[in-house]
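Novice: The structure that follows is given in the form of structure tokens.
What follows draws every value from the coordinates through simple rules; no lab data is involved. The structure displayed is predicted, hence computed values, not measured ones. All Cβ positions, glycine included, derive from the backbone under ideal geometry; neighbour counts span all protein chains shown.
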Amino acid sequence: MSSKVYINGALVPVADAKVSVFDHGLLYGDGVFEGIRVYGAKVFLLNEHVRRLYESARAIFLEIPITPQEMVDAVEETIAANQIGDGYVRLVVTRGAGTLGLDIRKTSNPQVIVIADTITLYPREIYEQGMKLITASTIRNHPGAVNPRIKSLNYLNNILAKIEGTNAGCVEALMLNHKGEVAECTGDNIFVIKDEVIVTPPTDAGILEGITRNVVMRLADDAGFVVVEQPMTRHDIYTADECFLTGTAAEVIPVVSLDGRPIGSGTPGPITLELLDLFQTLKEQGGFDNGDIDDDDE
Ligand code: PXG
């Protein structure tokens with residue numbers, strides 16, 4: 001089976017899926033993207049990802065040339081054409097080709113790309129034994145610059161932090177915000193548990209509002225846990241009972257140390273494991289019955 005990439009309305013062989021060297025996506029990281037999981041040939045939380053893509057685009061004055069419903073259809077078509085059972089979908093919308101200058105009025109034809117592929121996951125041992133983290137010296141983007149809530153193609157800041165993690169032997173790295181508070185990791189949101197209260201930084205800490213984060217907050221709330229969004233410092237992680245990360249690729253992954261300090265018992269915590277279980281069940285069900293993550297009966 002040869003894989004096909006969706007580009008601007010057509011499904012083409014990978015070798016024919018090309019963009020211009022004048023595309024602002026390439027020249028300036030000018031564009032937006034999403035990463036989505038496919039479980040059992042069903043796209044998980046597709047509407048939430050499509051909604052965030054359009055919100056990111058709106059924030060950077062990028063008009064996506066197709067409707068959200070057409071985007072949903074493009075994703076479904078692409079995973080069907082590639083016979084993806086369990087995998088990963090990458091949505092990319094670039095600004096399109098322009099001149100060698102920043103002026104977006106000189107650009108045209110935003111490129112809409114859907115790639116369906118397999119996914120590289122964190123090694124299984126990390127789920128069992130827990131992840132070790134270090135704090136990167138590279139801080140998260142200041143929200144007054146490119147707001148971290150925008151999932152833009154400009155990920156160099158996070159890549160630099162990820163390199164620091166890799167160099168220290170860690171698969172993820174913690175990023176602080178401009179105030180020195182905990183923001184998130186390079187591609188995952190962070191939670192701690194202290195005295196059975198589940199705590200995560202608020203969106204205005206300068207983070208991506210992760211879809212997995214929101215799902216886990218809802219699952220925890222439905223299971224009767226107290227969940228709070230509160231500014232945190234590293235001290236709150238060093239002294240937490242448990243810690244875990246959430247993300248499309250990671251799902252829910254236990255964290256057992258930060259900067260060499262063991263967190264809690266230094267092994268994956270019981271509430272983390274309970275949330276991991278709840279997440280597995282949600283995956284098997286294909287999402288929440290009543291659609292949106294935020295729909296709550298109360
Ligand atoms: N924070 C950042 C900075 C991210 O990029 C998350 C949190 C988690 O969000 P979701 O919505 O996935 O729960 C992300 C997501 C990949 C990949 O290929 C994933 C992300 C970024 C870049 C690549 O898995 N992140």
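Novice: Can you order the peptides 148-158, 14-24 by their average number of other Cβ atoms within 10 Å per residue, highest first?
Specialist: Result, highest mean Cβ count within 10 Å first: 148-158, 14-24.
Novice: Measure out, as a whole number of angstrom, how far apart the alpha-carbon centroids of region 207-270 and region 103-158 sit.
Specialist: 19
Novice: What is the local net charge at Asp23, summed over the other residues whose Cβ is closer than 13 Å to its Cβ (Lys, Arg +1; Asp, Glu -1)?
Specialist: Residues near Asp23 contribute +2 overall.
Novice: Ranked highest first by average number of other Cβ atoms within 10 Å, how do 172-180, 186-194 line up?
Specialist: Listed from highest to lowest mean packing, they are 186-194, 172-180.
Novice: Here's another thing I want to ask about it. Can you pick out the pairs among Lys4/Lys42; Lys42/Lys106; Lys132/Lys283; Lys18/Lys106 whose Cα atoms lie more than 28 Å from each other?
Specialist: Lys42/Lys106
Novice: Could you give the dipole magnitude of region 124-284 about its Cα centre, charging the beta-carbon of Lys and Arg +1 and that of Asp and Glu -1, in debye to the nearest 20?
Specialist: 620
Novice: I need the GluC sites (Glu not before Pro) found in region 39-69, filtered to DSSP loop residues with at most 14 other beta carbons within 10 Å of theirs.
Specialist: Answer in residue order: Glu63.
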